[in-house]
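Peer 1: After the structure tokens below, expect a handful of questions from me.
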Amino acid sequence: MDNMKLDQIKHIGPICALKVISNNLLLSGEGPTLSLYDYIKGEKIFERLVFKRNKIHGIEIINSSNDIEDDIKIVIWGGRSLSIFTLNNFKDLNYEIPHYGVSDWIFHCLFENESTLHVLNSHNIVHTVSLLNDNCKLINTKHCGWKSILYSGTISINKETGKITVLAGTVMNGILIWDFETCQVKHNLTEHEGSIFKVVASPDNKYIISCSDDRSIKVWDMETGELLANGWGHGSRIWGLNVYNISNDGFNIFSCSEDCTARVWRFNFHDNYNNGELIQERIILVHTGRHVWSLDLNDEKKLGFTAGADGKIFVSDLNESQRDGYWGHKWELNDISNEINCVFQKGELIKNYSDFGYGLIAVTSEGKIMILKDYKKWKLLFIDDKFAKFCILKIFENEPIVIIAGKMGDCILMKFNENCEIEIKHEFNLNDSFNRLGNILINGYDDNYFALFESPNPNDPLIYKKIDPINLSILESYELLKPKDKITISSLEYNKVSNMLFVGCRFATMLVYKIENENEKNQPLVVYKNLFKGDTVSSIKSLYDNSNNTMLYITNKDGTYHIMKINENSTYEYLQSSKIQKGFLEGHIKTPNGDILLYGFKSDCFFVWNETKQYEVYREICGGPHRRWNFKYWFDSNNRLRYRFVYTRSSEVQIVQQGEPYAFELLSDGLHGREIRDICVINSQNNNDEKIIITGAEDTTLKISTLKNDGTFNSHWTYREHIGGLQSIHAINDEYILSSSAKEELYLWKITECDNKKCMSLESSLPPSEENPDLRVMDFDSIEVYDKINGKKIGFLIVTVYSNSMIKVIYYDIASKKFKVLIDDNYMQCCIFHVRFVCIDKRLFVLIASTNGHLSIYDINNVIGKYFSIDDSNIKEVKLSLNDNKFEEINESTKLDKLIINQQIHQSSVKALDILQETNGCIKVITGGDDNSIIVSKITKDEGLKFDIESFLPSAASSTITTVTVIDEKTVLVGAVDQSIKLWNIENGLTLVDNKYTTVADTGCSEIASFKNGEKYLLIGGAGFSIWKITN
Amino acid sequence: MGKSSKDKRDLYYRKAKEEGWRARSAFKLLQLNEQFDLFNDVKRVVDLCAAPGSWSQVLSKEIFKDKNNSDAKIVAVDLQPMSPIDNVIELQADITHPKTLEMIMHHFDGEKADFVCSDGAPDVTGLHDLDEYIQAQLILSALQLATCILKTGGKFVAKIFRGRDIDLLYSQLGYLFDKVICAKPRSSRASSLEAFIVCIGYRPRNGWIPSLNSNLSTEEFFQDLKIGRNSLNNELNLEFNDEERIVAPFIACGDLNSIDSDATYALDEDDNINIQINSLSLDPVQSPTAPPYKKALELKRKGQLKIVK
Ligand SMILES: C[S@@+](CC[C@H](N)C(=O)[O-])C[C@H]1O[C@@H](n2cnc3c(N)ncnc32)[C@H](O)[C@@H]1O
């Protein structure tokens, strides 16, 4: 008999509890596992499973009387479970973690002292537990006479008086505040609407802070029960509240919400006591999907910790302006005029500035050239009319070399030293080439520096000049002809591999030049038009890896970005393309550890976004994109990003330079922030030791990741192409995958690899059948199609099923990237959940399963036979070839032939299905239903086809079975919403082989990854993601 | 996902509108009744978590179809206010509050009920374990009332979320009723966790006299009932895994040809799906009561939620 076994090795999912225990340690409840992080070093120190089933929902600690860190006492709770141990016990694997429970859901626990713990349950009852002699003993139970269900509650102790107060949030608007000693209700605060989701006391116990379904935060006076202030801002429900920074002036509140943000609020005694406003100071957007569930604070170091449904743990600096090296200032024109001791004329403005690493150079509309030395002190450099009204100012990224140019083509090159003095200066003009200057772009690589000059006259060529970085002389000069169409240049990059110059332009256009002949007119090698749907190519940067390919990172104003590969024949392809959720992109940064950061503007902010890890690195409310700005970044000795941002707002020049960060930003990477709907596993093309995993979630994003054969999992990129709710992702082969969603989206993706990451790019999409697509593409299947003569892969045969009972069989031609619909028909009027091609005795069938509990089979050989032949005898892998390349002749679609099998097997929806093709030609269909049952059906060749039910187990789970995955000839995995994952042997009836509980709620999909070396992993997706090792 | 377009195409929603039900939920009760003949001999009912009131509408129509039904009674309870329905006594209260149960009992004045139902659903947070727990608490509160007010042989129907601990509940209900079935009406989406527990034939536990004491929480009320629930003890050593778990039989109800709540139907008004127009005039579909976050939406519309710097 089998003894196949499942062991969980990794879990990523919602984090519902965080607790800071010292100035470097943080505890985090990750499902039933408790993890310990060092947030100064940014590493996980230790993790351990502490509960059997329950998720950790809360953590509290008490410092020991001897002040030894290891003696800190910890209580964790979740559901009806709780456990108490010291930090030392926790880290000691020989120590068995005790497991206690009360008979009701726990909302909060509080240590009154080292030997007394109070436990508040969801019916507003407090149990008091004695912890003497390491034993847990119930000593008292108290309540205030009001025992209805709560949605939140906190026990709070006044550190000065020792007085304990219970704050209870009910489901009907009210907050009950009761005194623990007397059990008297002190206040019933009823000014909220809807259920109360959180209520806490300020650390000094003078204020109550609460939130409810009405999305407001309220501050109340603990003594009088008076409502003091309302805070509005969160776009959805608020889950967490914490108070810090208490002083005589007021305090701050840190909140986290379903709207995926954390926010900082200010409550001031003087200003707001009477007008009752809580001022929103900052929005922190570092989680994705939905729900930031938990938060905690380090009040001393002013750090905010958040964790959410995405499994990410983030540390936000709540006191950036107090860190070493921080510099923030703003100058009005008057201030500058006073500093440089020179009067500005009426209407004179600062038109332009740039950051050269030691200071800022700025030009006014009257041609005053000024320096902001060390970013602190303004100095006048010179005044030159040539640069009045119109002036271009550019700076090389890695050298303090500045180019300044006027409308008539007068240019000055200047090199600065550390004291912000001009070291060398070189003047020239462009009169030989053109008499008006429109724009200059500059760039450099290694020790080469060059500039590209553009005239507003469409007939003038672009002038390329190479600059000597030492003496600033012009080394070379070339004329680059522009194409006929109107061109406005926007970005520039030289690529070393191909020796080509790339010029990004407006209207999604890119010009490519090879710079070879001085004195001659260089035509563009290629002009790429309509590169994407948007407008301006905002940045281009070469990507050099060990592949010797010409590859570019390009960002576009419209928020999309690509990795573009230029082929030998000058055609191009995108290896990677995606877009940010909202906003305009100006450029990208690659960090030393390989993360890709994108920066740009959205609504009234400038932002820097870590696209690899999906969080906002920096946000500055600057008023929006239409202003002068300069963003300068570098990496410090710890490889951390540092930056300085200068911008103009209401004619004030503002500077922000970030200081030395105290803690590490990201402690845990996480994955999707909404339920994972499907998982797809494919082989890595050149590495047997890893698999490529594509996951798709309820928030419509897809993610590409790798799983190594030692179980390590890493996420690489995120895709936001789908608009509708995701339904299915399946591989066609190791190069192409398909994904489908609501709004009738069926996308074909090509998988590649570059820059040490797995990538994918949208290759084609099936046009929807209606103008306002509203159908869900529930599922699909595919078969590769080969050329009859040369045996090359030329296309795919695809079958898709829809929520309105529609079935389509489609041919996709790889060369033309076009779809042709061969069959277009309807099953009935119910929603079809699953579809598979099945091949029995060299005949091809379509098998579907639907909400009506039926398995149904269509014979499609009449239609398919017209164009394709099934020509492989290997039953397990059907091979089709296209007869005489008839693709062009396929013009209209036909209907399906008659149903040859239509058999009800489940009472209602067939929610899960997988197929086992047996070597003897018959197939087994394993299905799981909404009716909790598993059925194994067998389809064999007969006159037509013969359908038998082999085994049937009515109560295989206690709730809907949502996923079935065949593991091998005799074993299937069955997962259900009751969070059970079971292995069944299906050889003779159904025999249970293993039964495990998964922390992944809303369990909905599973896949197997089998490695060459024999390692086998099971991947489970739902509200979270887990990886299990399968052993024999 | 575009909720509005899905709703437009939701045939149950359209059908409810046409037949005058306040919510599409009406069809869930109707389909449950089709399968289990729930309304047979039922005159005295408690409808818990009843707003906006479509179940009460169905019950009122059914029970008061013969005019001289003088001893019939329907009491409907919800946190939310409900607009009046003929022959229905409406209470606005929290069913988990012990006092609420007393209030309902008071309306029955010592007499028993034939049927207790609850279509209650909590404010779903997205924390599956908490949501399932609170849902289970609503069911327990309903069951608590049922044990106090149901006549022997009476029926109990409640909405459940079929999550990780649903088998515990099945097992506990098994001690109190002849038959416990998990039923899923076709009008309830396959994609939701929702189903209904249909309990037929109430059998009071021997020797246990339920008493509604407003000082007892639901949990405490059941403490001595011996239906396999873990209860608090001095050592706090609950062994959760030892609690009994049973899977109740599953029955899908409603005709297979009835409307599929997961399917997308064409918007075409004269499609061949037969939408029955009910001749009886009932109250129109009720506009939803204002959500608690109405003010937040209003401030957002006015652009007042931004940070001003
Ligand atoms: C799905 S609706 C009921 C629909 C209703 N059966 C109908 O047909 O119109 C669920 C209701 O449960 C109510 N509810 C949730 N928790 C409750 C509680 N603790 N006490 C009373 N009602 C509650 C909600 O206010 C909501 O109106």
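Peer 1: Kindly rank A:687-695, A:340-348 from highest to lowest mean number of other beta carbons found within 10 Å of each residue. Mind showing how you got there, number by number?
Peer 2: Numbers: A:687-695: 20.0, A:340-348: 11.6.
Ranked by mean Cβ neighbours within 10 Å, highest first: A:687-695, A:340-348.
Peer 1: When Lys and Arg each count +1 and Asp and Glu each count -1, what net charge do the other residues less than 12 Å away from A:Lys579, Cβ to Cβ, add up to? Each step should come with its number before you reach the end.
Peer 2: On the way: positive: A:Lys533, A:Lys557, A:Lys582, A:Arg720; negative: A:Asp558, A:Glu611, A:Glu721.
So the environment of A:Lys579 carries a net charge of +1.
Peer 1: Chains B and A: how much accessible area gets covered up at their contact, both sides added, probe 1.4 Å, in Å² to the nearest hundred?
Peer 2: The summed interface area works out to 7300 Å².
Peer 1: Wrap a convex hull around the Cα atoms of region A:561-639, take a quarter of its surface area, and give that in square nanometres.
Peer 2: One quarter of the hull surface, i.e. the mean projection, equals 6.9 nm².
Peer 1: Ratio of Rg to Rh for region A:362-445, alpha carbon only, Kirkwood?
Peer 2: Radius of gyration over Kirkwood radius for region A:362-445 works out to 0.96.
Peer 1: Give me the accessible area per residue for the protein assembly as shown, probe 1.4 Å, as a whole number in Å².
Peer 2: For the protein assembly as shown, the per-residue accessible area is 39 Å².
Peer 1: Based on the inverse mean of 1/r over its pairs of different Cα atoms, what is the Kirkwood hydrodynamic radius of region B:1-140, in Å?
Peer 2: Result for region B:1-140 stands at 16.3 Å.
Peer 1: For peptide B:50-57, how many partner chain Cβ atoms fall within 10 Å of a residue's Cβ, on average? Numbers along the way, then the final one.
Peer 2: On the way: counts 0, 0, 0, 0, 0, 0, 0, 0.
Per residue, the average neighbour count from other chains is 0.
Peer 1: Which value, in debye to the nearest 20, describes the size of the charge dipole of chain A about its Cα centre when Lys and Arg Cβ atoms bear +1, Asp and Glu Cβ atoms bear -1, and nothing else is charged?
Peer 2: Numbers: 111 positive and 137 negative charges, 183 e Å.
Using only the charged Cβ atoms, the result is roughly 880 debye.
Peer 1: Follow-up. For a Förster distance of 25 Å, can you work out the FRET efficiency between the beta-carbons of A:Lys41 and A:Glu281, rounded to the nearest 0.05?
Peer 2: Approximately 0.30, to the nearest 0.05.
Peer 1: Taking each residue of B:300-307 in turn, how many C-beta atoms of other protein chains fall within 10 Å of its C-beta, and what is the average?
Peer 2: What the average comes to for B:300-307 is 4.
Peer 1: Just going by the charge dipole of region B:70-138, with Lys and Arg at +1 and Asp and Glu at -1 on Cβ, which of B:Gly120, B:Leu79, B:Ile89 is farthest out on the positive end?
Peer 2: Final value for the positive-end residue is B:Ile89.
Peer 1: Report, in deg cm²/dmol and to the nearest 500, the calculated mean residue ellipticity at 222 nm for chain A, where each DSSP H run with n ≥ 4 adds -39500 (n - 2.57) and the sum is divided by the residue count.
Peer 2: For chain A, the value works out to -500 deg cm²/dmol.
Peer 1: Can I ask one more? How much mean residue ellipticity at 222 nm does chain B get from its helices, if each DSSP H run of length 4 or more adds -39500 (n - 2.57) and you divide by all residues, to the nearest 500 deg cm²/dmol? Working shown, then result.
Peer 2: Working: 9 runs with 91 residues, N = 309.
So the helix-based figure for chain B works out to -8500 deg cm²/dmol.
Peer 1: Loop only by DSSP, 15 or fewer other Cβ within 10 Å of the Cβ. Give me the GluC sites (Glu not before Pro) in region A:940-1032 that pass, ordered by residue number.
Peer 2: A:Glu943, A:Glu969, A:Glu987
Peer 1: In Å, the Kirkwood hydrodynamic radius of region A:638-710 over pairs of distinct alpha carbons?
Peer 2: Here the Kirkwood hydrodynamic radius works out to 16.6 Å.
Peer 1: Would you give the gap between the C-alpha center of region A:922-956 and the C-alpha center of region A:762-778, rounded to a whole Å?
Peer 2: Using only Cα atoms, the two centres lie 32 Å from each other.
Peer 1: Also: Alpha carbon centre of region A:232-256 versus region A:1-28: separation in Å?
Peer 2: Taking the Cα centre of region A:1-28 as reference, the centre of region A:232-256 is 28 Å away.
Peer 1: Under the rule a/c < 1.5 gives rounded, and otherwise a/b versus b/c splits prolate from oblate, where does region A:46-118 land using the Cα gyration tensor?
Peer 2: Oblate, because a/c is 1.5 or more while a/b does not exceed b/c.
Peer 1: What is the packing order of peptides A:737-748, A:226-237, A:638-649, taking the mean over residues of other C-beta atoms within 10 Å and listing the highest first?
Peer 2: For the peptides A:737-748, A:226-237, A:638-649, the packing ranking is A:737-748, A:226-237, A:638-649.
Peer 1: Additional query: Mind checking region A:110-166 for trypsin sites (Lys or Arg not before Pro) that DSSP puts in a loop (not H, G, I, E or B) and that have at most 16 other Cβ atoms within 10 Å?
Peer 2: Passing sites in region A:110-166 are A:Lys159, A:Lys163.
Peer 1: Quote the relative contact order of region B:5-301 in percent (integer), defining contacts as alpha-carbon pairs under 8 Å separated by 6+ residues.
Peer 2: Numbers: 503 pairs, mean separation 65.4, N = 297.
Relative contact order comes out at 22 percent.
Peer 1: Based on the alpha carbons, how large is the Rg to Rh ratio for region A:485-579 when Rh follows Kirkwood?
Peer 2: A ratio of 0.95.
Peer 1: Cα centroids of region A:779-832 and region A:87-122: how far apart, whole angstrom?
Peer 2: 57
Peer 1: Taking every Cα atom in region A:1-78, find the radius of gyration and the maximum pairwise distance Dmax, and write them in Å.
Peer 2: Rg then Dmax for region A:1-78, in Å: 14.9, 57.
Peer 1: Okay, moving on. Taking square-rooted eigenvalues a ≥ b ≥ c of the alpha carbon gyration tensor, is region A:910-1032 rounded, prolate or oblate, where a/c under 1.5 means rounded and, failing that, a/b exceeding b/c means prolate?
Peer 2: oblate
Peer 1: To continue, here is another question. Counting only other chains, what is the mean number of Cβ atoms within 10 angstrom of the Cβ of each residue in peptide B:163-172?
Peer 2: Mean inter-chain Cβ contacts per residue within 10 Å come to 4.
Peer 1: Let me ask you something else. Under 5 Å between amide H atoms, partner at least 5 residues away or on a different chain: which partners does A:Arg649 have, H built in plane at 1.01 Å?
Peer 2: Those lying under 5 Å, H to H, from A:Arg649 are A:Gln654.
Peer 1: Here is a follow-up. Treating only the Cα positions of chain B as identical point scatterers, give the base-10 log of I(q)/I(0) from the Debye formula at each q in 0.07, 0.09, 0.12 Å⁻¹.
Peer 2: Calculated log10 I(q)/I(0) at the listed q: -0.30, -0.49, -0.86.
Peer 1: Could you work out the relative contact order of chain A? I mean the mean sequence separation of Cα pairs under 8 Å and 6+ apart, divided by the number of residues, in percent.
Peer 2: 7
Peer 1: Report the net charge of residues surrounding A:Pro32, where surrounding means a beta-carbon distance below 13 angstrom and charges are Lys +1, Arg +1, Asp -1, Glu -1.
Peer 2: +3
Peer 1: So what is the relative contact order of region B:48-135, in percent, for Cα pairs below 8 Å that sit 6 or more residues apart?
Peer 2: Taking the mean separation of contacting Cα pairs over the length of region B:48-135, I get 29 percent.
Peer 1: Which percent of the accessible area of region A:485-579 is formed by carbon and sulfur heavy atoms (probe 1.4 angstrom)?
Peer 2: 43
Peer 1: Also, I was wondering about something else. Please give the peptides A:855-868, A:822-835 ranked by average Cβ packing (other Cβ atoms within 10 Å per residue), highest first, as a rough proxy for protection.
Peer 2: Peptide ranking by packing, descending: A:822-835, A:855-868.
Peer 1: Work out the charge dipole of chain A with +1 on the Cβ of Lys and Arg and -1 on the Cβ of Asp and Glu about the Cα centre, then indicate which of A:Tyr528, A:Val681, A:Tyr615 is farthest towards its positive end.
Peer 2: Of A:Tyr528, A:Val681, A:Tyr615, it is A:Tyr528.
Peer 1: A further question follows. Compute the signed sum of charges (Lys and Arg +1, Asp and Glu -1) over the other residues within less than 12 Å, Cβ to Cβ, of A:Arg436.
Peer 2: Net charge around A:Arg436: -2.
Peer 1: Calculate the translational D of the protein assembly as shown in whole µm² s⁻¹ from Stokes-Einstein, where the hydrodynamic radius comes from the Kirkwood formula applied to all Cα pairs, the temperature is 25 °C and the viscosity 0.890 mPa s.
Peer 2: 71
The values are calculated or read from the model by the stated rules, or taken from the named source; none is laboratory data. As the structure is a prediction and not an experimental result, all values here were calculated from the model. Cβ sites come from the backbone with ideal geometry, for glycine too, and all protein chains shown count toward neighbours. The accessibility values were calculated without ligands, DNA or RNA, using every heavy atom of the protein model including side chains. Shrake-Rupley method; radii C 1.70, N 1.55, O 1.52, S 1.80 Å.
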